[in-house]
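Below is one structure, written out as structure tokens; comments come after it.
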Protein chains: 2
Amino acid sequence: MNIGQAAEASGVSAKMIRYYESIGLIPKTVRTEAGYRVYSDKDVHTLRFIRRARDLGFSVEQIADLVSLWRDRARASKDVKRVALEHVETLERKIAELQEMAGTLKHLARHCHGDGRPDCPIIETLANPEEIDTPGRTASRFGPLAKPAART
Amino acid sequence: MNIGQAAEASGVSAKMIRYYESIGLIPKTVRTEAGYRVYSDKDVHTLRFIRRARDLGFSVEQIADLVSLWRDRARASKDVKRVALEHVETLERKIAELQEMAGTLKHLARHCHGDGRPDCPIIETLANPEEIDTPGRTASRFGPLAKPAART
DNA sequence: GTGACCCTTCCCATGATGGGAAGGTCAAGG
DNA sequence: CCTTGACCTTCCCATCATGGGAAGGGTCAC
């Protein structure tokens, strides 16, 4: 099977297959005399594994770990679980970060007329974070400002 | 004020200030005879605006829009609101995507012993997505597979 | 043998950011 | 006046996973 067919069958683009090979995530394949890469069904199976792991958001580095755990029939399931749960933590941190952004924006947008007039708490808060809208009740969502943190 | 002081005062790194200038997000500054960039308090104010917008996850492109709306005293608040709500939608799509990943993984991890034994539904599902764990009750979280979508 | 595809490698771009090198500038203290 | 250290300048490279595209060669069916 050529790379195009392997790509089709696995859902991983030919470009990415070559890339994964170049970084060592998958081994170098056999080549035809003309230099074409040749893939077996087993290779396609591996590629599918990789694609599913990507779909779950694992980094290539983590996938390398997962693939080698997969290959290792004496693996300890706790090692797999650890990789997975670490990733879950990363995902949840990211989710919380995005939720904070969305929450702040929705709060601001709720108080923006959204008509032809120029006054707008969104722009005003960006310009001057001292909680100008709804003075009093609502706690400052923009106080310490979504931490300058992990810009991932 | 030199770039280092402007960076300090605004929370935007000197590197990024130069970058923002290079892509036209902020105008070219005055320079001293020696070629040093010089910043005013007004410039720092703009940089702070930009930083807050970044903290809320706006792209540089959106920030360019926001800055020009900010400058435009005849702006319509609906234009600001539109930019904000579009971004909220993007954030929420992203959040949903990450939540699906995290949900799937937590589900799988819940059924993984996480001990020294090799059998592990996480790796097995990656290898063969035909819902091997808890056969029966639980709906396939891995059926159509987290869509190959937006790998942002 | 020719056209329609396929494959190869190589380079470039993305987005926002940091690292670092090589060299110029400035202010303070000796 | 000169040195030193902190700052500035530009330029290039790296990140991460992915796609685009060019230039050149291979394969196959008609």
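The values are calculated or read from the model by the stated rules, or taken from the named source; none is laboratory data. Worth saying up front: this structure is predicted, and the values here are computed from it rather than measured. So basically every Cβ, Gly included, is an ideal-geometry build from the backbone, and we count neighbours across all protein chains shown. Note: accessible area is taken over every heavy atom of the protein model, side chains too, but ligands, DNA and RNA are not part of it. Shrake-Rupley method; radii C 1.70, N 1.55, O 1.52, S 1.80 Å.
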Criterion: away from DNA strand D (no atom under 12 Å from the Cβ) and of a type in the set (Lys, Arg) - qualifying residue of B:31, B:51, B:18
B:51
Scan of the range B:62-95 for residues that are farther than 23 Å from residue A:99 by Cα, at the interface with another protein chain (Cβ under 7 Å from one of its Cβ atoms) and surrounded by 18 or more Cβ atoms within 10 Å (Cβ to Cβ), ordered by number:
B:69, B:70, B:75, B:77
Selection count where residues are open to solvent by less than 50 Å² (accessible area, probe 1.4 Å) and within 9 Å of DNA strand D (Cβ to nearest atom), scope the range B:1-15
5
Search the range B:95-112 for residues that are touching a residue at least 12 places away in the same chain (Cβ under 8 Å) and pair each with any residue that is open to solvent by 10 Å² or more (accessible area, probe 1.4 Å) and not aliphatic (A, V, I, L, M) when their beta-carbon atoms are under 6 Å apart and the residues are at least 6 apart or on different chains.
B:101/A:57; B:104/B:141; B:107/B:141; B:108/B:121; B:109/A:81; B:111/B:121; B:111/B:133
Condition check for residue B:109: facing chain A (nearest Cβ under 8 Å), modelled with pLDDT of 95 or more, more than 30 Å from residue A:110 (Cβ to Cβ) and open to solvent by less than 70 Å² (accessible area, probe 1.4 Å):
yes
Among (1) of a type in the set (Ser, Thr, Tyr); (2) open to solvent by less than 20 Å² (accessible area, probe 1.4 Å); (3) away from DNA strand C (no atom under 12 Å from the Cβ); (4) away from every other protein chain (no Cβ under 14 Å), there is one condition residue A:40 misses while meeting the rest; what is its number?
(2)
Among the numbered criteria (1) within 9 Å of DNA strand D (Cβ to nearest atom); (2) more than 14 Å from chain B (Cβ to nearest Cβ), which single criterion is violated by residue A:59?
(2)
Meets criteria (part of a helix (DSSP H, G or I) and either within 30 Å of residue A:116 (Cα to Cα) or over 24 Å from the mean Cα position of the chain (by Cα) (or both)) for residue B:73:
no
Condition check for residue A:25: part of a loop (DSSP other than H, G, I, E, B) and either basic (Lys, Arg) or in contact with a helix residue (DSSP H, G or I) (Cβ under 7 Å, 6 or more places away or on another chain) (or both):
yes
